[in-house]
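Notes follow once the structure below has been shown.
Coordinate-derived values only; no laboratory data. Keep in mind it's a predicted model, so treat the numbers as computed, not measured. Note that each Cβ is placed from the backbone with ideal geometry, even for glycine, and that neighbours are counted across all protein chains shown.
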Ligand code: ATP
Ligand code: MG
């Protein structure tokens with residue numbers, strides 16, 4: 001027998017429901033490994049960082065935290081943010097710091113309709129709908145460029161400037177990522193999203209690069225859609241979508257819309273990838289720390305478990321990822337649903353059902 005492949009994973013549950021859903025994802029992954037006849041194993045190390053840590057130490061993570069994380073094969077993240085700590089401190093002090101330092105420039109957010117869940121689209125059978133939002137994760141509207149009180153025009157006259165940064169390199173790499181992804185899907189199509197009619201510099205550069213990159217992928221169908229029209233399309237013609245590539249802000253909004261359409265924010269998975277694999281990539285549910293339900297066993301673990309499936313794909317274990325997806329579908333089809341998707345099951349009930357479904 002060959003030696004098992006051991007994947008080292010840094011778990012950062014962080015805040016609120018983060019610890020509940022990360023525990024669920026770990027349990028499901030460990031069950032998968034236990035069932036692999038020694039083919040692969042996961043070695044976990046948990047880091048206590050987050051808002052609680054900040055309140056005790058004045059820091060969201062250790063000063064040498066990035067050094068500590070660097071050697072792992074992946075980071076499995078919960079959620080960051082708590083009402084007692086300003087959002088810009090918690091987000092920039094931990095999650096965005098990791099994303100930026102590890103050059104995780106591609107954020108992949110699948111929108112997947114599951115059996116047994118009524119979507120707000122209210123079609124009888126939505127389960128064949130699935131598309132992927134590919135979000136530019138390193139520049140764009142979240143580049144942090146600008147300032148306040150620039151003109152100093154006296155009381156009531158403050159001026160703030162918020163700029164967006166678009167580079168040809170940044171646009172091109174995210175588009176190539178989207179096109180390569182489209183080639184792995186049944187429907188080979190990439191929809192590019194901008195607001196280039198109103199934003200004449202960055203978004204027009206985006207459009208130009210999109211046309212140039214598309215020429216290298218003649219086998220992939222393309223379209224360019226304005227973000228307002230794309231929001232409508234998500235609702236009215238989602239069956240026409242496969243891969244949607246958009247800038248940081250536009251994709252952030254569209255992917256939340258997508259997860260709401262699929263039934264709940266609690267279902268949505270995401271991967272923050274460093275495709276060159278120079279640094280670890282990070283896998284996390286799309287949802288936040290959900291302070292309103294934290295600590296009550298009500299959190300839907302499916303977003304976190306779907307993120308674990310994305311991590312398995314990243315590890316080169318697509319069959320195992322597919323097993324996880326099947327287990328998720330079996331669980332929702334059987335009606336084992338948390339409160340956010342109109343059920344009464346607890347986080348633990350769903351986790352147990354997922355593990356049972358793996359064995360089925
Ligand atoms: P952030 O700023 O971190 O994105 P947020 O305030 O926008 O956070 P969430 O913390 O994700 O949003 O919560 C939004 C709503 O979705 C809340 O009502 C929350 O209870 C619900 N929610 C989020 N995650 C889950 C989950 N895993 N299961 C069930 N409900 C959830
Ligand atoms: Mg949010």
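A few comments on the model shown:
- At an R0 of 25 angstrom, the distance between the Cβ atoms of residue 149 and residue 199 translates into a FRET efficiency of 0.55.
- Percent of beta bridges antiparallel (DSSP, the chain, rounded to nearest 5): 40
- Calculated translational diffusion coefficient of region 17-75 (37 °C, 0.692 mPa s; Stokes-Einstein with Kirkwood radius over alpha-carbon pairs) equals 244 µm²/s.
- Overall dimensions of region 217-337 as given by Cα atoms, namely Rg and Dmax in Å: 16.1, 51
- Listed residues 228, 64, 180, most fluctuating in the chain (Gaussian network, C-alpha, under 10 Å): 64
- Highest-fluctuation residue, 197, 274, 248 considered, GNM on the chain with Cα pairs under 10 Å: 197
- Taking all Cα-Cα distances within region 306-360, those exceeding 14 Å account for 54%.
- Along each principal axis, Cα extent of region 173-284, largest first, Å: 37, 36, 29
- Modelled spin labels at residue 68 and residue 224, positioned 7 Å past Cα toward Cβ, are 4.6 nm from each other.
- Ranked list, fewest to most other Cβ atoms within 10 Å of each Cβ, for 76, 177: 177, 76
- Long-range tail of P(r) for region 75-117 (Cα pairs > 16 Å, %): 54
- Using C-alpha pairs below 8 Å separated by at least 6 residues, the relative contact order for region 255-360 is 24 percent.
- Selected from 306, 52, 144 as most flexible by GNM, with the chain as the system and alpha-carbon contacts under 10 Å: 144
- By the Stokes-Einstein formula, at 0.890 mPa s and 25 °C, region 101-212 with its Kirkwood radius over alpha-carbon pairs has D equal to 144 µm²/s.
- Inverse of mean 1/r across different Cα pairs in the chain, Kirkwood, Å: 21.2
- Pairs of alpha carbons in region 14-113 separated by more than 17 Å make up 60% of all such pairs.
- Per-residue ellipticity at 222 nm, computed for the chain from helices alone with -39500 (n - 2.57) per DSSP H run of at least four residues, works out to -11500 deg cm²/dmol.
- Descending principal axes extents, region 237-307, alpha-carbon based, whole Å: 38, 38, 20
- The slack between residue 92 and residue 35, meaning 0.36 nm per residue of separation minus the straight C-alpha distance, is 16.7 nm.
- The fraction of Cα-Cα pairs per 10 angstrom bin, counted from 0 for region 56-145, comes to 13, 33, 28, 20, 7, 0 percent, rounded to whole percents.
- Distance between region 332-355 and region 181-254 - C-alpha centres, whole angstrom: 34
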